[in-house]
Amino acid sequence: MHAKEKSMHSGNCECKSIVYQFDGEPLTCYTCHCTDCQKSSGTAFGLAMVVNQKDVKLVKGKVSVNTLDYNGKKVQRHRCNHCGTSLWFTADNFPNLMAIKPGTFEDTSWFKPIAHLWTRSAQSWVCFDDSIPKYEKQPEYSELMELWENRKNA
Ligand SMILES: [Zn+2]
Ligand SMILES: [Zn+2]
């Protein structure tokens, strides 16, 4: 029997006016190559870590929220009010969950994505790690959570 290790992770934005703490277990973490993530990050892909909202505390700073429409689904982007760094997303159809942009953690060495999503729109030079699953489009979230859970228990 293992004791479940609970660890606290702090995050912040580029200008450091936001500080948040995550005290829990991620439910999954993935890399997304969809064109929305490419636009929203201004880079080649997005990283998302799905967690329970109750495990995240905003310690300092002000967050501003934009509501976006992703194919008829309402998604809220939460950003630093001052520098605009994207911190996390929430979605109307997942009321207790949020997707942290895990590049905002102070320490990014403790997690590794479990899958690549939307590989059909990945930029042509991206090299994939063949040891983790690739999905051409959007898989079910339950599948991504199962993959995460299985790796943890492996
Ligand atoms: Zn900021
Ligand atoms: Zn995406």
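I need the full set of residues from segment 43-64 which are within 16 Å of ligand 1 (Cβ to nearest atom) and loosely packed, with under 13 Cβ neighbours inside 10 Å, in order please. If the condition is that a residue be within 16 Å of ligand 1 (Cβ to nearest atom) and loosely packed, with under 13 Cβ neighbours inside 10 Å, then V59, K60, K62, S64 are the ones that fit.
Of these, I114, I100, which one is within 16 Å of ligand 1 (Cβ to nearest atom), under 13 Å from M49 (Cα atoms) and either of a type in the set (S, T, Y) or in contact (Cβ under 8 Å) with a residue 12 or more places away in the chain (or both)? When all the criteria are applied, what remains is I100.
Checking T90, T67 one by one, the residue that is out of contact with any Phe, Trp or Tyr (no Cβ under 8 Å at 6 or more places or on another chain), polar (S, T, N, Q), crowded, with 18+ Cβ neighbours inside 10 Å and assigned to a strand (DSSP E or B) is T90 and no other. The number of residues in segment 68-90 that are away from ligand 1 (no atom under 16 Å from the Cβ), modelled with pLDDT of 95 or more and β-branched (V, I, T) comes to 1. If we scan segment 45-52, do we find a residue that is within 16 Å of ligand 2 (Cβ to nearest atom), free of Cβ contacts under 8 Å to residues at least 60 places away in the same chain and either over 19 Å from C13 (Cα atoms) or not in a strand (DSSP E or B) (or both)? No: zero hits.
The values are calculated or read from the model by the stated rules, or taken from the named source; none is laboratory data. Note that the coordinates shown come from a computational prediction; the quantities given were computed from them, not determined experimentally. Virtual Cβ from ideal backbone geometry, glycine too; neighbours counted across all protein chains shown.
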